[in-house]
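What follows is a single structure, written as structure tokens, with notes after it.
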Amino acid sequence: MTLRDTGIEAPSEAHILIVGLGLIGGSLAAGLRANGFDGRITACDPNPAEIKRGITMGLIDHGDTRLAALAGQATLIVLAVPVLAMREVFNQLAKVLPDAALEGREPRVVITDVGSTKAAVRDCAQAAFGHLPAGLVLGHPIAGSEKSGVAAADPQLYLNHKVILTPGEQTAPAAVARVRALWRGCGAEVLEMEVERHDQVLARTSHLPHLLAFSLVDTLARQDERLEIFRYAAGGFRDFTRIAGSDPVMWRDIFSANRDAVLTALDDFESGLARLRQAVEAGDGDAMLSIFDRASHARRYFDSLLNQTSYQAEYQMLEQGNLIFRAAPGGRVAGRIRVPGDKSISHRAIMLGALAEGVTEVTGFLEGEDSLATLQAFREMGVAIEGPNLGRVRVHGVGMHGLKAPSGPLYVGNAGTAMRLFAGLLAGQRFATELTGDASLTKRPMNRVADPLRLMGAQIDTAEGGRPPLKIQGGQALRGISYDMPMASAQVKSCLLLAGLYAEGETRVREPAPTRDHTERMLQGFGYEVGREGDTCWIRGGGKLTAAPIDVPTDISSATFFLVAAAITPGSNLTLEHVGINPTRIGVINILKLMGADLRLTNEQEVGGEPVADLHIRYAPLKGIDIPLDQVPLAIDEFPALFIAAACATGTTRLRGAEELRVKESDRIQAMADGLATLGVEHTVLEDGIDIVGAGERETAFGGGRIDSLSDHRIAMSFVVAALRASDEIVIDDCANVATSFPGFIELARTVGLRVSQEEEGQGA
């Protein structure tokens, strides 16, 4: 397969000049040619033989050893020379190129580079031009090989690899777009970072491993037993030390240019190595388990983030593709299934287990990305956690004051629950922390927890508009407060209760309407007294948590999609096993019953302090209702699916008092309204709710169309369900975040009869 076969679009540059025709520069030319680039490519290199070889291979049209002879005709110049050679190249370019060529909103000439460090290259450009030109876009392709020279040029070297661009404030957006097009023309993913952040990250992820590999191989090569060492080296040794075969001159230059960041990374590594040596020397099995467990799962966790499109990696480094759901019309729902574990309870089980004394055994843990983010955050704070393995997790609690400062920001992905609960838990710690998340989470309001925490004495800084990241200063003396919540929010209530664990005196929270009480129930399960009277709950600081087993029920929010699917589809008959029916979560059950759903609860029992039951539902005609106000907070996460049920009912369903829906992963009222409009459903949007006119007994309630889920997992899954009563295919964009709360949704949906598939954009027919 050639790059052209992949549908990658070649850049439209008239003349590309590559300065330095080695592996990197040669592979850039090869990738462009393989993708059909028909513009002019020239090269400057001090070695005439390399230029001749490049022409013979068909990679370049012309070349010269003199930069001045080529630079004047180029529209885009790529500097592929060693970092320490950049200063001289920039000096030559500054003499040849007129200032006007590199300035303006659309510079005539754009300059980019491939250097592995960016601050040093930026400083060279600054010194040569006297300023940073608008047409300068510094870049770094994360690709390479132990081979060198243009003869090793590989047209697929950049295919599906990342290229990081580091534009400055002065950089013209048009220039960035042209460099982005250049690398996309070779099949690369193009990301953006700040210069300093790039050098810090690469010092740790690329430069340090090379330094360690060089050092290890050199150390072993100087030992008397070196022949036996290398003869019997296993695969792990070969994999790690492979990079020690890289170009020594290039890496000397990189370490010199990025010295400060490399030394900082090396200091951090030496500190970690010292801790591990101490644990091994002392035979401290718990300490070794904590280190090995944290490393093992960090590797798997970040691999999963990088290999899936549901999250962007830390600070949005990972470019997110469009995952599409295609839901064919028709079908019916039947069978007996068990949906994944409850996300809210999974988060809380890990949090309280980490703060408890002893080992907490968790079963039924949701292995979705939000919950995994919480696991990883506690590992980064020194908690040893075994698993997850088929929903089983063992948390080795460190006690109320045993958490350790993480080495960097805690990344919680898309988990608003995790961020808000973490804010309360971390406000009472002795160390400072920063909480960040993916692009979706960083748009969500956090002052609703930050403001009352500040009243308790916490020091918390937010980004503009009270949004993440949250920067929490440690070592603050918290005091208990009495707080009347302005909105019904279990996340706010839980945040303050967790902060209350560390506060002097009593923390009291009054809620305007009942919300889920998982935190209160679980605190009591861990032996911590929580008071409750009417609409107020309270807690007194200074106690301790004792490890206890937790059996996580299946998530009623996840079950809701299948409840609605069966409720709206003639001939359906479905049983959902072991569903959590906490009284503060059963709004969806109550509402569906009021609408006329044939829904029964069987096998009711209590597991780990939480009530559970099997839910049996069969099709029955639904009727529109005025949703009772007291049920709204009990079904706040389930309304997107309930809107689908309303569209299939006879008459009008009216929702009021649901302002909270506008500050979820998306504005769910507007997002659902837009989707309903696309599918031809009559409705009226209000500030705090919506009126939906149902289709009644008509065979179809929805047309077909294309829906933007706005990266909101519940929006995406709701419109998959709508296809059961649709006249045509429903295509749903931006569905990757479904994995945050419901891994395996598509497979389970197909199992019970839905006609749905998923694909990356561009994969379909």
Placing each pseudo-label 7 Å from Cα in the direction of the beta carbon, F431 and E464 end up separated by a distance in nanometres of 3.2 nm
What does the convex hull of the Cα atoms come to per residue for region 348-551, in Å³? 103 Å³
Rank the residues V249, V190, V339, V96 as a footprinting-exposure proxy: fewest other Cβ atoms within 10 Å of their Cβ go first. V249, V96, V190, V339
Between K544 and R275, what length in nm is gained on full extension when 0.36 nm per residue of separation is reduced by their alpha carbon distance? 94.0 nm
Please sort by residue number the GluC sites (Glu not before Pro) in region 520-554 whose DSSP state is loop and whose Cβ has at most 15 other Cβ atoms within 10 Å. E529
Working out 0.36 nm times the residue gap between R336 and D64, then minus their Cα-Cα distance, what length gain in nm do you get to one decimal? 90.7 nm
So the FRET efficiency between T650 and K593, C-beta based with R0 = 25 Å and rounded to 0.05, is 0.95
Return one number: the angle in degrees, 0 to 90 and rounded to the nearest 10, between the long axis of the Cα atoms of helix 119-129 and the longest principal axis of the Cα atoms of the chain. 50 degrees
Given the candidates M57, P107, L76, the one whose Cα lies deepest towards the positive end of the charge dipole of region 14-107, counting +1 at each Lys or Arg C-beta and -1 at each Asp or Glu C-beta, is M57
To the nearest 10 degrees, how steep is helix 86-96 against the longest Cα principal axis of the chain, on a 0 to 90 scale? 70 degrees
Trypsin sites (Lys or Arg not before Pro) restricted to region 1-109 and DSSP loop, no more than 16 other C-beta within 10 Å: R66, R105, R108
To the nearest 20 debye, what charge dipole does region 348-551 have about its Cα centre, counting +1 at the Cβ of each Lys and Arg and -1 at the Cβ of each Asp and Glu? 260 debye
Can you give me the Cα centroid spacing of region 156-190 and region 696-722 in angstrom? 36 Å
5 Å is the cut-off here: which amide hydrogens, built 1.01 Å from N in the peptide plane, fall below it relative to I111, excluding neighbours closer than 5 in sequence? I77, L136, V137
Towards the positive end of the charge dipole of the chain, with charges on Cβ (+1 Lys, Arg; -1 Asp, Glu), say which of T374, H683, P583 has the farthest Cα. T374
Could you work out the percent of alpha carbon pairs in the chain separated by over 52 Å, rounded to a whole number? 22 percent
Vicinal HN-Hα couplings computed from phi for region 579-585 (Karplus, 6.51 cos²θ - 1.76 cosθ + 1.60; Hz; Gly/Pro x): 8, x, 10, 3, x, 8, 10
Once amide H atoms are placed 1.01 Å from N in the peptide plane, what residues at a sequence separation of 5 or more from Q459, or on another chain, have their amide H within under 5 Å of its amide H? Q473
With each run of n ≥ 4 DSSP H residues scored as -39500 (n - 2.57), what mean residue ellipticity at 222 nm is computed for the chain after dividing by its residue count and rounding to the nearest 500 deg cm²/dmol? -11000 deg cm²/dmol
Please name which of G139, W251, I41 has its Cα lying farthest along the dipole of the chain towards the positive end, using unit charges on Cβ (Lys, Arg +1; Asp, Glu -1) and the Cα centre as origin. W251
³J(HN,Hα), Karplus 6.51/-1.76/1.60, whole Hz, each residue of region 464-479, x for Gly, Pro: 4, x, x, 9, x, x, 9, 10, 10, 7, x, x, 8, 7, 8, 10
Going by Cα centres, region 487-558 and region 623-670 are how many Å apart? 26 Å
Within region 699-735, name every residue whose backbone N is under 19 Å away from a label modeled 7 Å from Cα of K443 along the Cβ vector. 706-719, 732-735
Taking K and R as +1 and D and E as -1, what net charge do the other residues with C-beta under 11 Å from the C-beta of T602 add up to? -2
Sites R252 and H401 - FRET efficiency at Förster radius 51 Å, r taken between beta-carbons, to 0.05: 0.65
Could you list which residues have their amide H under 5 Å from that of R40, counting only those 5 or more apart in sequence or on another chain, with H placed in the peptide plane? H15, I16
Let me check the size of region 363-402 from its C-alpha atoms; what are the radius of gyration and Dmax in Å? 10.2, 30
Return the loop-located GluC sites (Glu not before Pro) in region 607-698 (DSSP other than H, G, I, E, B) with at most 14 other Cβ atoms within 10 Å of their own Cβ; answer none if there are none. E682, E687, E697
How large is ³J(HN,Hα), in whole Hz, for each residue of region 264-278 in order, when computed from phi with the Karplus curve 6.51 cos²θ - 1.76 cosθ + 1.60 and θ = phi - 60°, using x for Gly and Pro? 4, 5, 5, 4, 4, 5, 4, 5, x, 5, 5, 4, 5, 4, 4
Suppose each label sits 7 Å from its Cα in the direction of the beta carbon; what would the R532-R40 distance come out to in nanometres? 7.8 nm
On a 0 to 90 degree scale, rounded to 10, what angle separates helix 556-568 from the longest Cα axis of the chain? 70 degrees
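No lab work stands behind these numbers, since they all come straight from the coordinates. These figures come from a predicted structure and were not determined experimentally. Every residue, glycine as well, gets a Cβ built from its backbone with ideal geometry; the counts of neighbours run over all protein chains shown.
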